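Enquirer: The structure that follows is given in the form of structure tokens.
Bear in mind these aren't lab numbers, they're just calculated from the coordinates by the rules spelled out. This one's a predicted model, so the numbers in the text were calculated from it and none came from an experiment. A quick note on method: Cβ atoms are made from the backbone with ideal geometry, for glycine too, and the neighbour counts reach across all protein chains shown.
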Amino acid sequence: MRHHHFHTKSKRNYNALTNANKQKQRRRLRNDMAIASSSSSCCYQSSLFPKHPLLSRNYPNPPSRLRFSPTVRATSAVALQPESSTKKSQSLEGSEVFACPVCYQPLIRKGPAGLNLRAIYRSGFKCEKCEKTYSSKDNYLDLTVIAGLKDYVEVKPARTELFRSPLVSFLYERGWRQNFNRSGFPGPDKEFKMAQEYFKSSEGGLLVDVSCGSGLFSRKFAKARTYSGVVALDFSENMLRQCYDFIKQDDSILTSNLALVRADVSRLPFSSGSVDAVHAGAALHCWPSPSNAVAEISRTLRSGGVFVGTTFLRYTSSTPLIQRALRERILQGYSYLTEEEIKDLCTSCGLTNYSSKVQQSFIMFTAQKP
Ligand SMILES: C[S@@+](CC[C@H](N)C(=O)[O-])C[C@H]1O[C@@H](n2cnc3c(N)ncnc32)[C@H](O)[C@@H]1O
């Protein structure tokens with residue numbers, strides 16, 4: 001049985017451990033602050049000290065190459081830039097990364113720390129507020145609101161349900177995705193490079209590949225080791241299974257800081273302001289509500305965090321009028337947007353610095369959390 005029950009005894013031990021860890025963390029934090037204040041001499045202000053929203057918890061250290069030292073960051077934040085543009089999500093190895101999809105309270109983890117498949121598979125998660133538990137099914141962690149429900153069944157719109165099919169999930173990287181090139185998509189390698197350019201300021205932080213499908217880009221992000229953690233997230237169970245099948249063929253990805261999570265883009269299981277970068281490849285047109293999704297992405301991004309998405313445009317400025325009218329009719333009920341609509345949406349969700357690249361029906365757009 002791999003289910004994790006929070007029995008009273010283990011809960012008592014767990015609480016004791018958590019309290020001890022909290023004290024240790026507070027002591028370490030006090031030391032760090034003392035060093036930071038002395039190294040930044042007169043101009044240290046507590047409001048400039050980089051505060052992770054969940055800093056009070058105990059988190060083991062990320063790999064040294066990607067580790068952010070609070071001491072060094074505190075000093076440089078004071079000396080160089082305002083807090084918002086330097087603060088990166090620095091706690092990637094514990095329960096803090098994931099939050100309850102119901103109340104957004106950080107989940108408590110019982111099991112090994114780490115944002116990798118093995119650690120997450122062997123862990124149980126619990127929201128102390130909602131008293132709900134979450135664990136890995138197959139090889140992904142199910143963080144949907146409907147996780148574990150027995151009687152309630154929810155059917156999403158066809159454009160979401162289509163990708164839950166085992167056949168579509170299997171075919172996706174075996175011909176389906178390649179077809180996108182005919183509409184102007186440059187292809188995964190080029191799209192990855194373009195996205196990486198936009199994500200420059202998020203390097204070393206936590207990247208969430210929303211609607212990752214079979215993990216075409218999540219695998220590239222993880223393999224590049226540009227981020228301290230990558231979360232491959234999708235609503236489709238079969239896409240995530242397919243993603244795992246691809247991952248296990250490459251040891252360097254299998255052992256990287258990559259997590260597989262089932263979640264709805266309209267209910268992302270992360271605390272507000274805890275994510276450094278969100279990628280959503282060829283996804284916006286599949287979402288049941290693009291406005292809820294973009295609002296949710298904006299909520300989870302930290303200040304300075306970057307959102308990069310690609311999708312099919314309904315039409316572009318060069319599409320002949322007659323063709324536009326036809327497309328308006330045919331594509332009714334789908335979320336194929338125009339470029340103006342995408343920009344409008346990002347702006348209305350509080351994102352700034354919008355820019356985009358268009359090629360036929362393909363658009364790659366980016367926007368930033370101020
Ligand atoms: C066309 S695939 C894109 C896959 C990959 N990102 C790419 O660039 O090729 C769209 C993905 O959106 C996912 N999706 C649809 N509705 C979703 C939702 N409500 N929440 C999260 N993912 C969703 C589907 O399961 C599917 O895997």
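Enquirer: Please list, ordered by first then second residue, the pairs with beta carbon atoms under 6 Å, 6 or more apart or interchain, first in the range 352-370 and small (Gly, Ala, Ser), second part of a strand (DSSP E or B).
Expert: Qualifying pairs under 6 Å: SER355/THR366; SER356/ILE363; SER356/PHE365; SER361/PHE312; SER361/LEU313; ALA367/PHE307; ALA367/TYR354.
Enquirer: Picking from SER274, SER303, SER318, which residue would you name as being more than 24 Å from LEU216 (Cβ to Cβ) and crowded, with 24+ Cβ neighbours inside 10 Å?
Expert: SER274
Enquirer: Search the range 285-298 for residues that are under 15 Å from PHE365 (Cα atoms) and pair each with any residue that is more than 10 Å from the ligand (Cβ to nearest atom) and of a type in the set (Phe, Trp, Tyr) when their beta-carbon atoms are under 9 Å apart and the residues are at least 6 apart or on different chains.
Expert: Within 9 Å, the pairs are HIS285/TYR334; HIS285/TYR336; VAL294/PHE307; ILE297/PHE307; SER298/PHE307.
Enquirer: Collect the residues in the range 284-326 that are within 12 Å of the chain's Cα centre (by Cα), assigned to a strand (DSSP E or B), more than 13 Å from the ligand (Cβ to nearest atom) and not basic (Lys, Arg), keeping them in residue-number order.
Expert: LEU301, GLY305, VAL306, PHE307, listed by residue number.
Enquirer: Count, please, the residues in the range 180-197 that happen to be touching a residue at least 12 places away in the same chain (Cβ under 8 Å) and in a loop (DSSP other than H, G, I, E, B).
Expert: Residues meeting the conditions: 3.
Enquirer: May I pose another question? Please give the number of the condition ALA277 fails out of (1) within 13 Å of the ligand (Cβ to nearest atom); (2) in contact (Cβ under 8 Å) with a residue 40 or more places away in the chain; (3) among the aliphatic types (A, V, I, L, M).
Expert: Single failed check for ALA277: (1).
Enquirer: Counting only residues that are touching a Phe, Trp or Tyr at 6+ places or on another chain (Cβ under 6 Å) and polar (S, T, N, Q), which one in the range 208-242 is nearest to the ligand (Cβ to nearest atom)?
Expert: The extreme case among them is SER236.
Enquirer: Here's another thing I want to ask about it. Identify all residues within the range 125-156 that are under 18 Å from LEU233 (Cβ atoms) and among the aliphatic types (A, V, I, L, M); write none if there are none.
Expert: LEU141, LEU143, VAL145, ILE146, ALA147
Enquirer: Also, I was wondering about something else. Does the range 218-239 hold any residues that are buried (at least 24 other Cβ atoms within 10 Å of the Cβ) and more than 10 Å from ALA277 (Cα to Cα), and which are they?
Expert: Once the filter is applied, which keeps residues that are buried (at least 24 other Cβ atoms within 10 Å of the Cβ) and more than 10 Å from ALA277 (Cα to Cα), the range 218-239 yields SER218, ARG219, PHE221, ALA222, SER228, GLY229, VAL231, ALA232, LEU233, ASP234, SER236, MET239.
Enquirer: I've got another one for you. What number of residues within the range 187-207 are away from the ligand (no atom under 11 Å from the Cβ) and touching a strand residue (DSSP E or B) at 6+ places or on another chain (Cβ under 7 Å)?
Expert: Adding up the residues that qualify gives 8.
Enquirer: Which residue pairs have Cβ atoms under 9 Å apart, sit 6 or more places apart or on different chains, and have a first residue in the range 311-333 that is acidic (Asp, Glu) and a second that is in a loop (DSSP other than H, G, I, E, B)?
Expert: As it stands, the answer is GLU328/ARG314; GLU328/TYR315, since those pairs meet every condition given.
Enquirer: Next question, about the same structure. Could you tell me which numbered condition THR255 fails, if it satisfies all but one of (1) among the polar types (S, T, N, Q); (2) within 13 Å of the ligand (Cβ to nearest atom); (3) over 16 Å from the mean Cα position of the chain (by Cα); (4) under 29 Å from ARG174 (Cβ atoms)?
Expert: Exception for THR255: condition (2).
Enquirer: Looking at ARG177, ARG159, which one is among the basic types (Lys, Arg), crowded, with 16+ Cβ neighbours inside 10 Å and touching a residue at least 60 places away in the same chain (Cβ under 8 Å)?
Expert: ARG177
Enquirer: Taking the range 99-135, which residues are free of Cβ contacts under 8 Å to residues at least 40 places away in the same chain, farther than 18 Å from LEU268 by Cα and among the hydrophobic types (A, V, I, L, M, F, W, C)?
Expert: ALA119
Enquirer: If you go through the range 180-195 one residue at a time, do you hit one that is of a type in the set (Lys, Arg) and surrounded by 14 or more Cβ atoms within 10 Å (Cβ to Cβ)?
Expert: No, every residue in the range 180-195 fails to be of a type in the set (Lys, Arg) and surrounded by 14 or more Cβ atoms within 10 Å (Cβ to Cβ).
Enquirer: Please determine whether any residue of the range 278-294 is closer than 26 Å to CYS127 by Cα, touching a helix residue (DSSP H, G or I) at 6+ places or on another chain (Cβ under 8 Å) and β-branched (Val, Ile, Thr).
Expert: Yes; the residues of the range 278-294 include at least one that is closer than 26 Å to CYS127 by Cα, touching a helix residue (DSSP H, G or I) at 6+ places or on another chain (Cβ under 8 Å) and β-branched (Val, Ile, Thr).
Enquirer: Please work out if THR347 is free of Cβ contacts under 8 Å to residues at least 60 places away in the same chain and within 27 Å of GLY304 (Cα to Cα).
Expert: Against the criterion (free of Cβ contacts under 8 Å to residues at least 60 places away in the same chain and within 27 Å of GLY304 (Cα to Cα)), THR347 qualifies.
Enquirer: Just one of (1) within 24 Å of GLN105 (Cα to Cα); (2) more than 9 Å from the ligand (Cβ to nearest atom); (3) polar (S, T, N, Q); (4) in contact with a helix residue (DSSP H, G or I) (Cβ under 9 Å, 6 or more places away or on another chain) trips up SER266, so point out which.
Expert: Here SER266 meets the rest and fails (2).
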